[in-house]
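Trainee: Can you keep this structure in mind? I'll have questions shortly.
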Amino acid sequence: MLLDLVWYLLLAQVILSWLTVFGIRNDLLRQITLAVSLLTQPILDPIRRALPKTGSFDFQYWQLSFSFILSGRCYTQLCVDHLNLREYSD
């Protein structure tokens, strides 16, 4: 559930950055972008420091998305394995 919230915040930040790039700017958008950025920066900063600078393309979103997908699949597999083991032990 927490991973879903972070996932949606990252998606919102990507979309908000695209709106800014395409020239859509107003006070409400600036406030929303600031709020989302304040929530996601603690997660993205360590990834930014670890990855090399690539110019205008941000790989940290891809890296974090891949990490979420991988951790979600591992968690699901662990739950399935646990349920299967419980089923055979009864």
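The values are calculated or read from the model by the stated rules, or taken from the named source; none is laboratory data. Worth saying up front: this structure is predicted, and the values here are computed from it rather than measured. Methodologically, a virtual Cβ is constructed for each residue, glycine included, from the backbone with ideal geometry; neighbour enumeration extends over all protein chains shown.
Trainee: Under 7 Å between Cβ atoms, at least 6 apart or on separate chains: pull out the pairs that start in segment 48-59 with a residue that is farther than 15 Å from Val14 by Cβ and among the basic types (Lys, Arg) and end on any residue that is at pLDDT 70 or above and surrounded by 13 or more Cβ atoms within 10 Å (Cβ to Cβ).
Mentor: Between residues of segment 48-59 that are farther than 15 Å from Val14 by Cβ and among the basic types (Lys, Arg) and residues that are at pLDDT 70 or above and surrounded by 13 or more Cβ atoms within 10 Å (Cβ to Cβ), there is no close pair.
Trainee: Among the residues of segment 27-70, count how many are modelled with pLDDT under 75 and not hydrophobic (A, V, I, L, M, F, W, C).
Mentor: 11
Trainee: Pull out all pairs, ordered by first then second residue, where Cβ-Cβ is under 7 Å, the residues are six or more apart or on different chains, the first lies in segment 8-37 and is closer than 19 Å to Ser65 by Cα, and the second is among the hydroxyl-bearing types (Ser, Thr, Tyr).
Mentor: Leu9/Thr40; Leu10/Thr40; Leu10/Tyr61; Gln13/Ser37; Gln13/Thr40; Val14/Tyr61; Leu16/Thr33
Trainee: If you don't mind, there's one more thing I want to ask. Restricting attention to segment 7-16, does a residue exist that is surrounded by 13 or more Cβ atoms within 10 Å (Cβ to Cβ) and aromatic (Phe, Trp, Tyr)?
Mentor: yes
Trainee: Quick one: how many residues across segment 72-90 are among the aromatic types (Phe, Trp, Tyr) and either at pLDDT 70 or above or closer than 21 Å to Trp7 by Cα (or both)? Show your work before the answer.
Mentor: If we filter segment 72-90 for residues that are among the aromatic types (Phe, Trp, Tyr), which is where we start, we get 75, 88.
Next, from what is left, pick out any that are either at pLDDT 70 or above or closer than 21 Å to Trp7 by Cα (or both): 75.
Summing the residues that are among the aromatic types (Phe, Trp, Tyr) and either at pLDDT 70 or above or closer than 21 Å to Trp7 by Cα (or both) in segment 72-90 gives 1.
Trainee: Another one. Name the one entry in Leu39, Leu34 that is of a type in the set (A, V, I, L, M, F, W, C) and within 14 Å of the chain's Cα centre (by Cα). Full working, then the answer.
Mentor: Numbers: Leu34 fails: within 14 Å of the chain's Cα centre (by Cα).
So the residue among Leu39, Leu34 that is of a type in the set (A, V, I, L, M, F, W, C) and within 14 Å of the chain's Cα centre (by Cα) is Leu39.
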